[in-house]
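Below: the structure, in structure tokens.
The values are calculated or read from the model by the stated rules, or taken from the named source; none is laboratory data. Being a predicted model, the structure only gives us computed values, none of them experimental. Surface areas here come from the heavy atoms of the whole protein model, side chains and all, with no ligands, DNA or RNA. Shrake-Rupley method; radii C 1.70, N 1.55, O 1.52, S 1.80 Å.
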Amino acid sequence: QVQLVESGGGLVQPGGSLKLSCTASGSFLEIGHMYWYRQAPGKRRELVAITFSSGGTSYPDSVRGRFTISRDNAKTTAFLQMNSLRPEDTAVYYCRADVSGRDYWGQGIQVTVSS
């Protein structure tokens with residue numbers, strides 16, 4: 001079993017920055033791809049960043065150039081550095097990990113961008 005725990009969310013003013021963390025724990029040999037998603041009230045959950053096990057990354061146009069995903073050397077923690085935040089980035093942010101072909105999700109963490 002794998003547990004994912006997100007941290008680092010909160011309230012930030014427009015134009016500000018936050019860094020989210022997602023740490024995996026439990027019984028596994030290695031973590032594959034890791035992802036960050038977000039879901040705003042009344043909207044569908046959307047993918048905001050991927051870090052592939054090979055080291056590559058991918059972003060949708062809505063966050064490219066503002067968000068950066070990375071992993072620690074042990075590859076058990078994924079980070080999401082969010083800069084130039086906008087009110088429309090307000091959402092619950094979720095971490096997802098691919099472990100041996102199974103998907104695991106964190107519980108989500110609130111990010112609110114407001115003055």
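Structure notes:
- The distance linking segment 1-38 with segment 76-115 is 6 Å (Cα centroid to Cα centroid, whole angstrom).
- Accessible surface for the chain, divided over its residues, is 53 Å² per residue with a 1.4 Å probe.
- Carbon + sulfur, % of accessible area of the chain - ligands and nucleic acids excluded, 1.4 Å: 47
- Heavy-atom accessible area order for Glu30, Glu6, largest first, 1.4 Å probe: Glu30, Glu6
- Both radii were evaluated on the Cα set of the chain; the Rg over Rh quotient, with Rh as the Kirkwood radius, amounts to 0.96.
- Measuring only protein heavy atoms, the 1.4 Å probe finds Thr90 accessible over about 40 Å².
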